[in-house]
Structure formats: structure tokens, C-alpha cells
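Accompanying notes for the structure given below.
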Amino acid sequence: MSNVLAVLEQRAGALKQVSHEVLTAARALADALGGSVDALVIGSTGVDATGLGAYGADRVTLVEDEELSLYQPDVFNEVVTAQVRAGDYAAIILAATAMGKDLAPRVAARLDCPLAVDVTAIDGSGGITVTRPAYSGKAIYTAEVTATPCVISVRPNAFTPSENAREAAVETRPAPRPDLRTRTVRVNEPAGERLDVAEASIVVSGGRGLKGPENFKLVEDLADAFGNAAVGASRAVVDAGWRPHADQVGQTGKTVSPQLYIAVGISGAIQHLAGMRTSKVIVAINKDKDSPIFKVADYGVVGDLFEIVPRLTEEIRKVRGG
Amino acid sequence: MKIAVCLKRVPDTETRIKIGADGRSIDEDGVKFILNPYDEYAVEQALQLKDSAGTGEVTAISLGSSASQETIRTALAMGVDRGILLETDALPLDPVPIGKALAAELGSGDYDLIFFGKVAIDDYSHAVGTIVSELLGIPSVSAVGRLEIADGKGTAEREIEGGVEVVEFSLPAVLTAEKGLNEPRYPALRGIMMAKKKPLEIKPVELEEGGLSVVELSVPPARPAGRIVGEGADAVPALVEALRTEAKVI
Ligand SMILES: Cc1cc2nc3c(=O)[nH]c(=O)nc-3n(C[C@H](O)[C@H](O)[C@H](O)COP(=O)(O)OP(=O)(O)OC[C@H]3O[C@@H](n4cnc5c(N)ncnc54)[C@H](O)[C@@H]3O)c2cc1C
Ligand SMILES: Nc1ncnc2c1ncn2[C@@H]1O[C@H](COP(=O)(O)O)[C@@H](O)[C@H]1O
């Protein structure tokens, strides 16, 4: 019981960035336990799984079916649990994404094994110990896993992908076709191709300080200047209908841990902080020097966002351009 | 339509968390407890479905200490018909035993729909509803932001990264509620009076320990004090410089 199964995520044939984080976490745990890493990718035919060896997979299994372009919980659960039962695993690791949060409890329930979600650190030096935030990030559990295999979902952006090259053998298998009790029929994608706040490594969020939905253009321009940044929002502006709920950061929105989080015209209410306090670097732009956001910000600029943000956009363009 | 809603008693979102003397749980002294905010959406959805069906019964179930009666009463005041408290002293961190205890009760209830919150804001497991569906062998959709039920079938929408998944299922089913599913009602005075007379059954239960043993609960290290780089647009170059050379994030 020392191997680790890394369940990876793909979209439209391309592996998601977070899959490298999952593999990195799996590799480190397997090394500590003296086992190997099996990567499992489930999807429609033609998924590109080359390169997984670079992040530490010893074996890669592709389970394919042309019907599987979308996440089908019953199929995914059956594939994962069958592989675990046939193998010798101490842990099953996946990402705490929308898919992972749905799949992890299914797998744990079917295998009757423990589940640790949204884990930010794993220590395999003496058994398996996990670290996970709770109480809206106001407290952190350290817990020992007392039964294996265990299912662990890791928080996106918590594990920095690192290369660890192996010669990974790739095996392809057809997917089973169980009855679909729950059937995903389609994914409606919004217009515009911006990264989701929970996935992006840079998030620029706007709050009520922007005064109106039309001024979010300033936030979008700044995000664009960074290249690959997501646009987030406080609940106040989501409730006002300025931004979709998908953009909301905080306790009743998404939890994000990007490399850089920029809060523009956001006061920093406790429920907002719950969603972003684990960001690596926090920048706050606010005209009120006493607003609570400055208590968690690494860098703050006090003043009118309508002057500061366009200037920042311009400077970032310069830096990235040259 | 027979509907169940699972409720958890959790510390209020504004609460300052202090670690208890055992170093493994919070100090509950002076903490205000509330009905888990996501469970309010679950209750509201159950009540709306019962109303539109014109007949039926909504049962609220909570697993927890005797104090969870208060949480159930909140739901009764909103309009839920009856409550069941599965009484136990302590809840494990591992959500699997919690799902098992709830599934054991729910399995015998012949419910058409079972609602949960998407996540409990204390342990943040995001799991119990989905675990229950798996144990009961019925369909489930998690983090539902939109729902339609007609003729024994349902369509639910759930937000995923960069899109909305549209999912179909048949009843009976488990659904976990996301914010925005509806606007939860406030208990009216009349509802609060009536709630006192509604049935609330108490059943002691024994929980399995689960496979996660808490070593420590700690408060995250405070973020090191940041600094105000300056005021107004003139501070921008200094900010960009700090992000490049000090923080190294751009
Ligand atoms: C159960 C519950 C759950 C919640 N969940 C969430 C959640 O998930 N996410 C969330 O964000 N909130 C959440 N909230 C709401 C939260 O309490 C706050 O109300 C909300 O975060 C405030 O949003 P805001 O910072 O945009 O607005 P405000 O608090 O109004 O702050 C606006 C800020 O903009 C600044 N400002 C104004 N004009 C300018 C200018 N010209 N230049 C620069 N700065 C300016 C002001 O100084 C102020 O600090 C929740 C609340 C509850 C009760
Ligand atoms: N002890 C409990 N009693 C009743 N319902 C619970 C309990 N714990 C969790 N739930 C339900 O499961 C949902 C998700 O909780 P969790 O998986 O712990 O984040 C909650 O919103 C509740 O609806």
C-alpha cells in the first residue's frame, strides 16, 4: 500500500494546469512512501497525455470513450474505484475543482475510505498527514490518515508544479458504460475566453468602489495587461448584478489562492477575506487607508482607483512588453 | 412530494475563531451558532417544491449535539413540517461517517428528493450530500445553482470553471444547493410561534470514527504586516517595482 493514484483532469483533450499540481503532490507522497505514481486520465478519444512523465508519473492510463467529452460522474467513479480495487494504493489524489469536489466524495463513499478535501499540504514521512483549512480559512486542521487508501483533493494553486522526469508507459483502455443515473448533457460556456478565478495564477477583483458595472472595464483592462489573469468580484457587486456569480470571491463564492491577488475598491469584509487570504501576494487599491483590506495586503496603494488602475495597467503593459 | 433537507449547525461567519483547550477543536464559548447559510437555500428549495406540488411534507434532519434542535427549529419556523435530530456528541472530521449516519436515516424515509447545502462553512468538506447519494445508490448533482423538476425528472445546472454544466437525472435524487438557487425566506413571527408546536423527534446515534484523526487545529499565521507603497497614481511605479523584484510575481 504505497502507490499513489493521480486522477487528472482534461478539457477538450488538453490537460488542465492543475493536473501538474496533482502529479507533483502525488510524486512527493509516493517518494515518501516508497511507491510509484499512476496517472489516470478519463475522457473522449484523443486526449494528449504526453509529458505526464515529466511531472513524475511512472505509468499513465488513458480511459477513453467518444461519449466522454463531458464529466459523467457515474463513469468516472466506476473507472477510479475499479483501478483502486485492482491496485495497491495508499492514496488517490485529485484536484479540488468543480469536478474533483463532486468526484472525490463519490469515490470515498464507494470505497468506504476516508476523504480529506481541499488539502494544502501532504506529509508522507510517517504515515500520511494532511493540512486543510476550515472555518472560512480562519483555522487549519492537521490530520493523520488512519485508514488507507484515502481520497485527497488538493486545493488548486497550493502545490507548485515541479518537473521530475520519468519514462512513463502509456496504456489506453476503453471506458465502461454503466447506467448514467446522473447525465451531464452539455456545458454552456459564456462568451469570452477568460480564465476562471479559481484557476488563474493572477486575479484582479473589483468591488463597490468601482461605482458601476461599466467601470469594470478598468479591471478587465488590467487583467488583460497581465496576459493570463482572471477577473473576480466582491459579493456586493455580484448581488447588485454587475458581475456574474461565477466571478464572486469569498465565503459564498469561490476560494482562490493565486500568486497575485489585486483587490480594487474592495473593503475586505471577513467573508471576502475567507476566499482570498491564502493568496501568495495581495495588493489592495482603496481610497480609505483604514479599510480592513490593508490589514491582509502585502502592498497597498491609498487613493482613487480611477486614477491608480489605468496607470497600473499602463505600467504592467510596459513591463510585459519589454 | 416527500422531501428531506439536511441541516448543520455552524459558527456564524463573523465569529472570531479561538482554539479550544484540547488544541483540536474550536473554543465554543461565546460563539454564536447559525443554520449553515447554504442549507437555507436547500430549505427554501424544498418549501417551494412542496408549495408548487400542492401537497407533500418536508422533513429537516440534523446530526449533531442537542443544541442542533435550535437549528432545526429555525427551519421549522421557515415552514418545514417536522424535524429529526440524530443526536451525537462529536462529529468526526472525515465526512464519510457523517454521510453514513444520515444515509441510514434517509434510506428508510422514502423521500423523492433530498436536499443538502453545497458545503458546511465550518469543516468545508463539500461532500456529505454526494456521499449520501452514493450510499443510497441514487442520482445526485452537487452545487446546484438552477433547478427544474417535472414528471419525476429533473434538470440542474452547476457552475464549473469557465462554464455551466447542465445535468439530467431522475427522482429520487440528492441535490446540494449553491448560493443563488433562490432567495431564502425569513421566518415570520407566525412561523416562529408555530415551529414550537411542530414535531421534533430525537434519536441517539453512534458514529463511526472515520479515517482522519485530528492532530491539531491551529490559527493560520497572521500575514506578515504589509506596507502602504504610497498614495495615488504616483505610487504605481514603486508598486510595480516591488511586485517584480521583491515579490517576484510579475
Ligand atoms: C453570510 C455572508 C456571506 C458573504 N459572502 C461574501 C462573499 O463570498 N464574498 C464577498 O465579497 N462578500 C461576501 N459577503 C459580503 C461582505 O460582508 C461585504 O458586504 C462585501 O464583501 C462588500 O463588498 P465591497 O468590498 O465590494 O463593498 P464595500 O464594503 O462597500 O467596499 C467598497 C470599498 O471601495 C472603496 N472605494 C470607494 N470608492 C473608491 C475609489 N474611488 N477608489 C478607491 N477605493 C474606493 C471604499 O473605501 C470601500 O472600502 C457575505 C456576507 C454574509 C453576511
Ligand atoms: N452533521 C450534519 N447534519 C446534517 N447535515 C449535515 C451535517 N454535516 C453536513 N451536512 C449537510 O451536508 C452539507 C455539506 O456539508 P459538508 O460536506 O460537511 O461541507 C451541509 O450543507 C448539510 O446540508
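It is to be established whether one or more residues within region A:215-235 are crowded, with 24+ Cβ neighbours inside 10 Å, more than 16 Å from ligand 2 (Cβ to nearest atom) and over 23 Å from the mean Cα position of the chain (by Cα).
no
In region A:144-155, how many residues are hydroxyl-bearing (Ser, Thr, Tyr) and either assigned to a strand (DSSP E or B) or more than 7 Å from every other protein chain (Cβ to nearest Cβ) (or both)?
2
Filter region B:20-55 down to the residues that are aliphatic (A, V, I, L, M) and touching a Cys at 6+ places or on another chain (Cβ under 9 Å) and list them by number.
Of everything in region B:20-55, just one residue is aliphatic (A, V, I, L, M) and touching a Cys at 6+ places or on another chain (Cβ under 9 Å), namely B:42.
(1) surrounded by 24 or more Cβ atoms within 10 Å (Cβ to Cβ); (2) touching a Ser or Thr at 6+ places or on another chain (Cβ under 6 Å); (3) of a type outside the set (Ser, Thr, Tyr): which one isn't true of residue B:96, the others all being true?
Of (1) surrounded by 24 or more Cβ atoms within 10 Å (Cβ to Cβ); (2) touching a Ser or Thr at 6+ places or on another chain (Cβ under 6 Å); (3) of a type outside the set (Ser, Thr, Tyr), only one is false for residue B:96: (2).
When region A:194-223 is examined, which residues are found to be without any contact (Cβ under 8 Å) to a residue 60 or more places away in the chain and in a helix (DSSP H, G or I)?
A:208, A:213, A:214, A:216, A:217, A:220, A:223
Can you report the number of residues in region A:296-321 which are within 21 Å of residue A:259 (Cβ to Cβ) and more than 8 Å from chain B (Cβ to nearest Cβ)?
Count: 5.
Of these, A:96, A:91, A:158, A:57, which one is crowded, with 18+ Cβ neighbours inside 10 Å and touching a His at 6+ places or on another chain (Cβ under 9 Å)?
Within the list A:96, A:91, A:158, A:57, the selection yields A:96.
Does residue B:28 satisfy being within 14 Å of chain A (Cβ to nearest Cβ), surrounded by fewer than 16 Cβ atoms within 10 Å (Cβ to Cβ) and within 16 Å of ligand 1 (Cβ to nearest atom)?
When the stated conditions are applied, residue B:28 does not pass them.
Collect the residues in region A:99-132 that are crowded, with 21+ Cβ neighbours inside 10 Å, within 7 Å of chain B (Cβ to nearest Cβ) and not aliphatic (A, V, I, L, M), keeping them in residue-number order.
A:101, A:102, A:105, A:106, A:113, A:114, A:118
Residue A:141 is checked against (1) without any contact (Cβ under 8 Å) to a residue 12 or more places away in the chain; (2) facing chain B (nearest Cβ under 7 Å); (3) not in a strand (DSSP E or B) and fails just one. What number does that condition carry?
Looking at each condition in turn, residue A:141 falls short on (3).
Of all residues in region B:217-240, count the ones that are surrounded by fewer than 14 Cβ atoms within 10 Å (Cβ to Cβ) and not in a loop (DSSP other than H, G, I, E, B).
3
Does residue B:151 satisfy the condition of being more than 16 Å from ligand 2 (Cβ to nearest atom), touching a strand residue (DSSP E or B) at 6+ places or on another chain (Cβ under 7 Å), over 20 Å from residue A:72 (Cα atoms) and more than 8 Å from every other protein chain (Cβ to nearest Cβ)?
Answer is no for this residue.
Only the coordinates and a few stated rules stand behind these numbers; no lab work does. A quick note: this is a predicted structure, and the numbers were derived from the prediction, not measured. As a convention, Cβ positions derive from the backbone with ideal geometry for all residues, glycine included, and neighbour counts pool all protein chains shown.
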